[in-house]
Structures are given as structure tokens and as C-alpha cells.
1. For K73, what accessible area in Å² do you get when you roll a 1.4 Å probe over the heavy atoms of the protein chains, rounding to the nearest 10?
2. Hey, if we sort E81, E6, E21 by accessible area with the 1.4 Å probe, largest down, what's the order?
3. May I ask you to compute the full-extension gain from T4 to H43, defined as 0.36 nm times their residue separation minus their alpha-carbon distance, rounded to one decimal in nm?
Amino acid sequence: MILTFEDWLINQQYRKDSVGELARVPDLQNPEIKPSRRKSDEHKSWATIVVNIASPGIIEVFNEAWQEFLLAKQAAKNSLE
């Protein structure tokens, strides 16, 4: 199974830092604005959502969260090999 940003973000809601705050943003949890599964660029889909609903400060947090997600995704991939 491939780790998605949505799945990773849901698992970060417990955190007591800025990434945890991002994970708890109600608009990011709204299924009506989730990125299309048809789009091949998951980052672009999520970045568009964040830019449209968030303050500029949260964009920086999203970028940090995305980098953590990429590391987690690579670790998950490596564990399957």
C-alpha cells in the first residue's frame, strides 16, 4: 500500500506542534475539498487546497509537513523492499 499525504496527515493530528495544528485544520478534513484521486501530482493538489483555505503562515507549515511526509513515504517504501 502506498502512503498518501492524507493518510499521513490524519496520523499527525495528535502532535502538539505546528504540523499537528495543520492536521487539525477543519477544512483539510472536509471530504468535499479532498484532492482528486485522478490527479497524478499529489503535492500540487494539496498545495492548491492549502493556499486556498489557509493563512500565509500555514503554507510554511504545509511545506514542512510535506517534507516529513516524503521521508515517511520513503521509509515505508524501503521497509517493503
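The values are calculated or read from the model by the stated rules, or taken from the named source; none is laboratory data. If you're wondering where the values come from, they're calculated on a predicted model, not measured in any experiment. When the accessible area is computed, the model is the full protein with side chains, heavy atoms only, and any ligands, DNA or RNA have been set aside. Shrake-Rupley method; radii C 1.70, N 1.55, O 1.52, S 1.80 Å.
1. Surface open to solvent at K73 totals about 70 Å².
2. On the way: E81 155, E6 40, E21 110 Å².
The ranking, largest first, comes out as E81, E21, E6.
3. 13.0 nm
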